[in-house]
Amino acid sequence: MSIRALVESEYARQTEALTSNEAFQMLETGKADTKAYNVFIANVCKTHLRSPQILAFLYSVAPPASTEDVKHNMLEELGLDEEGIPHPKLLIKLAQHAGFNECEVKTLEVLAQDELKRMTSEQILYGSMKEIGLSALLETASFEWMLSRLASQMAKFLEKHRGISKDGLDWFLHHSEVDIRHAEEQLDSIEEYVKYYQFDQSHFESILELTFRENVFIKRYFGEIALARHSGMLD
Amino acid sequence: MRIRNATFYALKIPFVESFSHSIKTRKFSDSIIAGLTSEDGAVGYGEGVPRSYVTGETVETCLDTMKNRLWPAVAQIDYSTIASANDLPKIPEIKKDGVIAWNAAQTAFELALIDCLLKREKRPLSTILPPKRQTVIYSGVITSSSKEKAVQLAKYLKLFAVKQIKVKIDGQNDKERLAAIRDTVGPDISLRVDANGAFDVKQAIGVLKDIVGIKIDCIEQPIPRGNVSDLAKVKAESPIPVMVDESLVTLEDAENLISAKACDFFNLRISKCGGVSQTLQIAKKAEEAGMRLQLGAQVGETAVLSAAGRHVAAYLDSLEFVEGSYGTMLLTEDISDEKVDFGHGGKAPLLRGEGLGVHVREEILKKYADKVIECGKVK
C-alpha cells in the first residue's frame, strides 16, 4: 500500500471510531447535558489553541518542497494571511459564546500551554527530530483530515443542541471549508517528508502505528475515560 | 513528625492496551496510593501494588490492612529525620495471617513517609540514597501475545533503541515467538524471558534447552513459588541463568534461596519486597552471596513507584537489568506532574525534586479512584 493510502486508511479508521463513539453520538443526537457540550468545547479549545506553535515546529522541519504550504498554513493559523483571522481567537470566541467567563477562558489557555510544556519536557522515545516531526505531522494532518469531514456536523449539533450562534461557530465553519484543501496539502506534505528524510516503509509504518496507538480524536476531545471505554480497557 | 491523617486511593487507571503474562491479563492499573499528611501540613505519597499470586494480598485485603491495622500503628509513631539508607522509616510489623507478607501495604506507607519526611525538609531521596550513576537504563517488555504482535512490539523497541528486552513466555509457541523477536531485533540486543511460573521442573528444563540457541540471557521464575529444591534442580540443569521473582518476597526467602543455590539472579521489586528498606536489605544479602540483580517493577505501577525505583536503581552498586518507568507507554494517564517514563535507549535521568521527586496530582487520583478511604487521627 502506498504511503498516502496507508495514511488515509488510518485517518478514516480514526474518524469512524470518533463518530461511532457513544460520547460523540450523545452530542450529535442532543442526548448529552449542557456540561458534556461544555467539556467538549473546552477540549476542542485545549487541543487547538496552540496549533500555531505546532505548525511552527512543522515548518522548521518541513522538506523544501512543502515549506511554502506549511508556512501558509501556519500564517493562516496566526491570522497573518490575506484573511487575517487568527484561529486561536476563533476558539476563544467559541468558548465565550458557550458562556465561559474570563477566568475559564484563561484556564483553557493555561492548560493548552501546560500541555505544550509537558510535551517539550518529557523524555523522548524516538532517536531523532525527523521521527518526532513525522509523528507530529501525522497527528496534525489527521485533525485537518477529520475536521474537513466533520467540522460542519459538529457546528450543527452545537448550534442545534447547545444553542451556540453561527458567529460563535466560526472556528468549525472555517475548518470545514479550509481544511479540505489543507488535508490534501498535508497528505502531499507527508509523502514529501517521508521521501525527503528517506524513511523506509517499515520505519514509516511503525511511526504511523505508534502515533495512532490510541484514538487521538477521542482522547483529545472526550478524555481518557471515554478512550478507555472505546478501547475496551474499562467497562 | 507525626501523621495527622491518611487517604488511601484504590486506583483503576486504564491501560493503553492490555498486558498479558502466563497468570493474568490486565487492562488497568490497580495500584493503591497512600497520601499521608503530617501535623505540620507536609504531604507525602506512597504506592503499593497488591498481587494475590505474589504476596497473597488483594486490593480489598490490602486496603483493609492499611486502614485497620497499619494506620492505627503508624499514627502513634513520632517519625524522625532520615539520616541515611539504614535509617528509613520503620513500618510496624503485622501478623502474616493468610498472606506471604503485607508488603504492598507496607510499601505504600513507607514510601509516603519517606516522601513526607523529605518534602518537609525540602530534600530529595538522593541525599539518602546517593546515586552511583547519572542515568538509569531500562529494559523493554514484550507481553504474552501472538508471534505477529510480539514482532510488532519488538520493532517498536528497536526503533526506541532499547538494548535489553524481557519477553513473557507461557508455554504456547514460545520458541517460534522468541526466534521471530531475535530476528527482528538482531543479535546484539539482550533478550531474557519470564515464565511467571508457567512450567513444572521437567517442562522448564525442556523449554530452557529448547531456546538456548536463541541467545537468551536468563529465565525468570520458570516454575511457581514453592520448594526451593525444585528451583535448584532447574538451575542445576539449565543452560541459561535462572532468576527468581515470585519466589523472592521476604528476607527469609532470600536466605533460603541463597543457601539452596537455587538461582543466579534475584529480581527485586520494591512493592513485592515491602519497601525501599527491605529491598535494600535483600540486595545487600544478594551482593554478599555473589547473586546477580535485577530491579523489577509492577505492571501498571504509577509515577510514585517508578520514582522510588529510579532512586534505588541509581543507588545500588551492581544491577544488570532495570524494569519499570513505563508510565504513559502503558497507562492512559499517569498521576504526577512530571513524567518519569524512560526515553530513547531506555535511558532516564535522575530525579532531583524533593521527596521521591514527583508531584502527585490529587485531581488525577480522584478521577481514577475506584475507592477512597480517609483516616483521621487515632485516639
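Every number in this text was worked out from the coordinates using simple rules, so none of it is lab data. These figures come from a predicted structure and were not determined experimentally. So basically every Cβ, Gly included, is an ideal-geometry build from the backbone, and we count neighbours across all protein chains shown.
Listing A:Leu6, A:Leu18, B:Leu305, A:Leu134 from the residue with the fewest other Cβ atoms within 10 Å to the one with the most, what is the order?
Numbers: A:Leu6 16, A:Leu18 19, B:Leu305 28, A:Leu134 23.
Least crowded to most crowded, the residues run A:Leu6, A:Leu18, A:Leu134, B:Leu305.
Per residue of B:10-20, how many C-beta atoms from partner chains lie within 10 Å of its own C-beta, taken as a mean?
Numbers: counts 0, 0, 3, 4, 9, 4, 8, 5, 3, 0, 0.
Across the residues of B:10-20, the mean count of other-chain Cβ atoms within 10 Å is 3.
Apply 1/(1 + (r/R0)^6) to the Cβ-Cβ distance of B:Ser20 and A:Asp81, taking R0 = 60 Å, and write down the FRET efficiency to the nearest 0.05.
Working: r = 51 Å, r/R0 = 0.85.
The formula returns an efficiency of 0.75 here.
Can you list residues from other chains, or at least 5 along the same chain, whose modelled amide H is less than 5 Å from the amide H of B:Cys218?
The answer is B:Val193.
Remind me, what semi-axes does the protein assembly as shown give for its equivalent ellipsoid, largest first in whole Å, using sqrt of 5 times each Cα gyration tensor eigenvalue?
On the way: eigenvalues 405, 188, 85 Å².
One finds semi-axes of 45, 31, 21 Å for the protein assembly as shown.
What length, rounded to one decimal in nm, is gained on full extension from B:Asn86 through to B:Glu176, with 0.36 nm per residue of separation minus their alpha-carbon distance? Don't jump to the answer; show the numbers that get you there.
Values: separation 90, 0.36 × 90 = 32.40 nm, distance 4.68 nm.
Taking B:Asn86 through B:Glu176 to full extension adds about 27.7 nm, to one decimal.
In peptide A:221-233, what is the residue-averaged number of other protein chain Cβ atoms found within 10 Å of each Cβ? Can you show the working numbers first?
Numbers: counts 0, 0, 3, 10, 5, 0, 4, 10, 1, 0, 7, 4, 11.
Counting Cβ atoms of other protein chains within 10 Å of each residue's Cβ and averaging gives 4.
So between B:Lys67 and B:Gln152, what do we pick up on full extension, going 0.36 nm a residue minus the alpha carbon distance? Can you show the working numbers first?
Values: separation 85, 0.36 × 85 = 30.60 nm, distance 4.35 nm.
Result for the pair: 26.3 nm of gain on full extension.
Using a Förster distance of 45 angstrom, determine the FRET efficiency expected from the C-beta separation of B:Ile77 and B:Thr328, and round it to 0.05. Could you put the intermediate results ahead of the total?
Details: r = 36 Å, r/R0 = 0.80.
Computed FRET efficiency for B:Ile77 and B:Thr328 comes out at 0.80.
Within 10 Å of each Cβ in A:119-125, how many Cβ atoms from other chains are there, averaged over the peptide? Present the calculation step by step, with values, prior to reporting the outcome.
Values: counts 1, 0, 3, 7, 12, 4, 13.
The mean count of partner-chain Cβ atoms within 10 Å per residue comes to 6.
Rank-order A:203-210, B:308-315, B:194-201 by packing density, defined as the average count of other C-beta atoms within 10 Å over each peptide's residues, highest first. Walk me through the numbers on the way to the answer.
On the way: A:203-210: 18.4, B:308-315: 25.8, B:194-201: 21.4.
The densest-packed peptide leads the list: B:308-315, B:194-201, A:203-210.
So what is the relative contact order of chain A, in percent, for Cα pairs below 8 Å that sit 6 or more residues apart? If you can, show how the numbers build up before the last one.
On the way: 227 pairs, mean separation 68.9, N = 235.
Rounded, it is 29 percent for chain A.
Step through the table entries A:Lys46/A:Lys166; A:Lys46/A:Lys195; A:Lys31/A:Lys93; B:Lys12/B:Lys284; B:Lys90/B:Lys347; A:Lys35/A:Lys117, compare each Cα-Cα distance with 23 Å, and write down the pairs that go over it. Walk me through the numbers on the way to the answer.
Values: A:Lys46/A:Lys166 21 Å; A:Lys46/A:Lys195 32 Å; A:Lys31/A:Lys93 25 Å; B:Lys12/B:Lys284 34 Å; B:Lys90/B:Lys347 32 Å; A:Lys35/A:Lys117 28 Å.
Table pairs above 23 Å Cα-Cα are A:Lys46/A:Lys195; A:Lys31/A:Lys93; B:Lys12/B:Lys284; B:Lys90/B:Lys347; A:Lys35/A:Lys117.
Going by C-beta contacts inside 10 Å, put B:Phe321, A:Phe57 in order with the fewest on the left.
On the way: B:Phe321 23, A:Phe57 20.
Ranked by crowding around the Cβ, least crowded first: A:Phe57, B:Phe321.
Check the straight Cα-Cα distances from B:Lys168 and name the aspartates and glutamates below 12 Å, setting aside those fewer than 8 residues away within the same chain.
B:Asp194, B:Glu220
Going through segment A:60-120, which GluC sites (Glu not before Pro) have at most 14 other Cβ atoms within 10 Å and a DSSP loop state? Write out the running numbers ahead of the final one.
Details: sites: A:Glu68, A:Glu76, A:Glu77, A:Glu82, A:Glu83, A:Glu102, A:Glu104, A:Glu109, A:Glu115; in loops: A:Glu82, A:Glu83.
Of the GluC sites (Glu not before Pro), the ones in loops of segment A:60-120 whose Cβ has at most 14 other Cβ atoms within 10 Å are A:Glu82, A:Glu83.
Modelled label-to-label distance, B:Gln281 and B:Lys122, 7 Å Cα→beta-carbon offset: nm?
Label-label distance for B:Gln281 and B:Lys122, simple model: 3.4 nm.
Can you give the Rg to Rh ratio for segment A:3-230, taking only C-alpha atoms and Rh from Kirkwood? List each step's numbers first, then the result.
Values: Rg = 17.2 Å, Rh = 18.1 Å.
On the Cα set of segment A:3-230, Rg over Rh gives 0.95.
Largest first, please: the extent of the C-alpha atoms of segment B:243-346 along each principal axis, to the nearest Å.
Over segment B:243-346, Cα extents along the principal axes are 43, 24, 20 Å.
Test of the criteria: in segment B:267-296, which trypsin sites (Lys or Arg not before Pro) are in a DSSP loop and have at most 12 other Cβ atoms within 10 angstrom of their Cβ? Mind dumping the intermediate values first?
Values: sites: B:Arg269, B:Lys272, B:Lys284, B:Lys285, B:Arg292; in loops: B:Arg269.
Loop-located and lightly packed - none at all.
Output the relative contact order of chain B, whole-number percent, from Cα pairs under 8 angstrom with separation of 6+ residues. Mind dumping the intermediate values first?
Values: 860 pairs, mean separation 88.0, N = 379.
Averaging sequence separation for qualifying contacts and normalising by length gives 23 percent for chain B.
State whether segment B:48-88 is rounded, prolate or oblate according to the following rule on the C-alpha gyration tensor (a ≥ b ≥ c being the square roots of its eigenvalues): a/c under 1.5 gives rounded; otherwise a/b larger than b/c gives prolate, and the remaining case gives oblate.
Numbers: a/c = 4.53, a/b = 1.63, b/c = 2.78.
Oblate.
Can you figure out the FRET efficiency of B:Asp200 with B:Asn5, using R₀ = 51 Å and their beta-carbon distance, to the nearest 0.05?
Working: r = 49 Å, r/R0 = 0.95.
The pair B:Asp200/B:Asn5 has a calculated efficiency of 0.55.
Given just the C-alpha atoms of segment B:127-349, how large is their convex hull per residue in cubic angstrom? Display every interim value, and only then the final one.
On the way: hull volume 25.5 nm³, N = 223.
Cα-based convex hull of segment B:127-349, divided per residue, equals 114 Å³.
Summarise the long-distance tail of P(r) for chain B by giving the % of C-alpha pairs beyond 38 Å. Walk me through the numbers on the way to the answer.
Numbers: 9879 of 71631 pairs.
Value for chain B: 14 percent of Cα pairs lie more than 38 Å apart.
Once you wrap a convex hull around the alpha carbon atoms of segment A:53-118, what is its projected area averaged over all directions, in nm²? Spell out each step's value before the answer.
On the way: hull surface 21.2 nm².
Projected over every direction and averaged, the Cα hull of segment A:53-118 covers 5.3 nm².
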